[in-house]
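Every number here is computed from the coordinates shown, using simple stated rules; none is lab data. Predicted, not measured: the structure shown is a model, and the values here were computed from it. Cβ sites come from the backbone with ideal geometry, for glycine too, and all protein chains shown count toward neighbours.
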Amino acid sequence: MRVCKLFAFLSLVGGVCGHSLPSHAQLSSELVRWKWAALRESGTPEAAVAELCREIDARYLKLGWKKSRCSEFPFQIFGWSVENRPLIFYKAPTTQVTNKLSLLQCGIHGDEVTAVPMCLMMLGEVFDGKKVLPEGLGFIVQPLLNPDGFLAPTVQRPNANGVDLNRNFTTSEWEKQALKYWADKDKKDPRKFPGERSSSEPEVHAIVDFIEQYKPQKIISIHTPLGFLELDSRGDKDTVRRAKFLAINMVHNAKNLNFISYGIWPGSLGNYAGVHLKIPVYTMELPPGTSLKSKMRHWDYYGFSLWRAIQFDLETGTFRED
Ligand SMILES: [Zn+2]
């Protein structure tokens, strides 16, 4: 297997067999895949997670931020990206498969860089004992759903296949509408390409399997830079009412965040999980800004609101504080 890959790689580098020489970008992408495939096949998840955290730290420094604390946390792997980077999650030790589980997700759009630190800073506070998970509630963090986009030579919204992961989930109207929406509403913006078919991307497969396995009570997904909170929620009247109550509370506990209805998109996480699975999805769009100052301000303005959401039990409609 590895020998085959080596020949394929040498052929790419050498431009043999009638092929032209690859561009610098093709070459560096191939080298990245090569490195990560070797790590993936080595069967040592710790090494893959350590290398991912090293790349995240390098990205942080490039953005003018201090190092992340990624390497401090005991992440597990729930899947692999197109370029073979691990998709990681942290599960609080007390978490069981429960219907009182909060799933906090960051970094599905690789160029929305200040989303990622919100997940990692939340973990830092939990690890420092500044935030204690109330008994009976579960908590899982997926800090970087699109590592190839966030860690590309230049950060990019889609994954390494050029697919917008937040348009690639299988939803009932995907076949008829995804490419039409892309053409009409997104004017074929390549950053928002939904893919040739739904669930074509390994990242989306892994996220779907994960959600189906853990069945979270709610999902909180962090984006930037639109500055609003949106809720996708379906189900019986009382469930929707409690979900909305939390959304209003989150806005109340945050600065400069409007509660709006942005609309349903074919293939979005909000559509897949919020509408089809009836798991309320809170999409928090942070305001613009990628400087160190903006990153810290986002945590100041929205960190508490996120923690209150994790403390909220949607089943009973109450906050649990210890
Ligand atoms: Zn986004």
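Per the helix-only calculation at 222 nm, which mean residue ellipticity applies to the chain, given -39500 (n - 2.57) for every DSSP H run of n ≥ 4 and division by its residues, nearest 500 deg cm²/dmol?
-12500 deg cm²/dmol
Quick check on the chain: of the DSSP beta bridges with both residues there, what percent are antiparallel, nearest 5%?
Of all bridge pairs located within the chain, approximately 45 percent are antiparallel.
Of the lysine pairs in the stretch 191-322, how many meet both conditions: Cα atoms under 20 Å apart, and a spacing of 8 or more in sequence or different chains?
Within the stretch 191-322, the lysine pair count is 10.
Over the stretch 77-214, with a single point scatterer placed on each C-alpha, what log10 of the ratio I(q)/I(0) does the Debye formula yield at q = 0.09, 0.12, 0.19, 0.20 1/Å?
-0.30, -0.52, -1.09, -1.16
Quick one: helix 292-311 against the long Cα principal axis of the chain, what's the angle to the nearest 10°, folded into 0 to 90?
Orientation of helix 292-311: about 50 degrees from the principal axis.
What whole-number value in cubic angstrom gives the convex hull volume per residue for the C-alpha atoms of the chain?
141
Going by average Cβ neighbours within 10 Å, how do the peptides 62-74, 46-58 rank, with the highest at the top?
So the order, starting with the most tightly packed, is 46-58, 62-74.
Where nothing but the Cβ of Lys and Arg (+1) and of Asp and Glu (-1) is charged, how large is the charge dipole of the chain around its Cα centre, in debye to the nearest 20?
About 460 debye.
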